[in-house]
1. If you put +1 on each Lys and Arg Cβ and -1 on each Asp and Glu Cβ, how big is the dipole of the protein assembly as shown around its Cα centre, in Debye rounded to 20?
2. By counting other Cβ atoms within 10 Å of each Cβ, how are A:Phe29, B:Phe83, B:Phe71 ranked from fewest to most?
3. What net charge do the residues around A:Phe111 carry, taking every other residue with its C-beta under 13 Å from that of A:Phe111, with Lys and Arg at +1 and Asp and Glu at -1?
4. Which value, in debye to the nearest 20, gives the size of the charge dipole of chain A about its Cα centre, when Lys and Arg are +1 and Asp and Glu are -1 at the Cβ?
5. Quick check: convex hull over the Cα atoms of chain A, volume per residue in Å³, rounded to an integer?
6. Within the set of other residues whose C-beta is less than 13 Å from the C-beta of B:Met4, count the net charge using Lys and Arg as +1 and Asp and Glu as -1.
7. If you take the alpha carbon radius of gyration of the range B:11-107 and divide it by 2.2 N^0.38 Å, what ratio comes out, to two decimals?
8. Contact order normalised by length for chain A, with contacts defined as Cα pairs under 8 Å and 6 or more residues apart; what percent is it?
Amino acid sequence: QVQLVQSGAEVQKPGASVKVSCKASGYTFTTYGLIWVRQAPGQGLEWMGWISTYSGTTNYSPRLQGRVTMTADTSTTTAYMELRSLRSDDTAVYFCARENWIAVAGTSYYFDYWGQGTLVTVSS
Amino acid sequence: DIQMTQSPSSLSASVGDRVTMTCRASQGISNYLNWYQQRPGKAPKLLIYAASSLQSGVPSRFSGSGSGTDFTLTISSLQPEDFATYYCQQSFGTPRYTFGQGTKLEI
């Protein structure tokens, strides 16, 4: 069965970096892209970026451009999201999700499997 | 970037009610619209993709409609497990995706 298993909770100081992992299993890793989404306490979902697990091509939210890097290791079927220069408003639960698609008169993309989430707390 | 606006932001209903919530895009997005349900402390769960296609395993009381800029999610007969927050998400701007701010469905 398809699973995305994320790394555990992190506590970091302002200005530090954090790297969250997302281990995929149960499907061919390079066939599907992955996205990262975060959710601040009591807030909605914020799309952070997308990575092609096949080519490594990325597309980041303009809000995070310059501070975020997404990578994918095909040998271990694991994706990573690194966020640098952490601020208190980066405190959130971070999710990875698999990008699936359906091609009917155009291609519609959606996110059908999600990781369990990783809480990142930024505090001095 | 495409902005998604959901209404209402919260909604009170009872078990057995029929409820509808809406999602509006800042520009036409054809049918590239998905709906998710999120329960507290859990990851989002895909309900509807391509505006009206029911994800496998999702109860048939959930349905979606719309095209262009205006979309709706309808729950035909609320069950206790349906009280959650619902998000729409556009994929027209792939891979620059955006979510709505959510509609919280409360008892």
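1. Values: 17 positive and 14 negative charges, 53 e Å.
Dipole of the protein assembly as shown, to the nearest 20 debye: 260 debye.
2. Values: A:Phe29 21, B:Phe83 18, B:Phe71 27.
By the 10 Å Cβ count, ascending, the order reads B:Phe83, A:Phe29, B:Phe71.
3. Working: positive: A:Arg98, B:Lys45; negative: A:Glu99, A:Asp112.
With Lys, Arg at +1 and Asp, Glu at -1, the net is 0.
4. Details: 9 positive and 8 negative charges, 48 e Å.
For this selection, approximately 240 debye.
5. Numbers: hull volume 13.8 nm³, N = 124.
Output value, Cα hull per residue: 111 Å³.
6. Values: positive: B:Arg24, B:Arg96; negative: A:Glu46, B:Asp1, B:Asp70.
So the environment of B:Met4 carries a net charge of -1.
7. Values: Rg = 12.7 Å, N = 97, 2.2 N^0.38 = 12.5 Å.
Working it through for the range B:11-107, the quotient is 1.02.
8. Values: 300 pairs, mean separation 43.1, N = 124.
Relative CO of chain A lands at 35 percent.
Every read-out reported here was derived from the displayed coordinates using simple, explicitly stated rules and does not represent laboratory data. Note that the coordinates shown come from a computational prediction; the quantities given were computed from them, not determined experimentally. With ideal geometry, Cβ positions are generated from the backbone for all residues, glycine too; neighbour counts draw on all protein chains shown.
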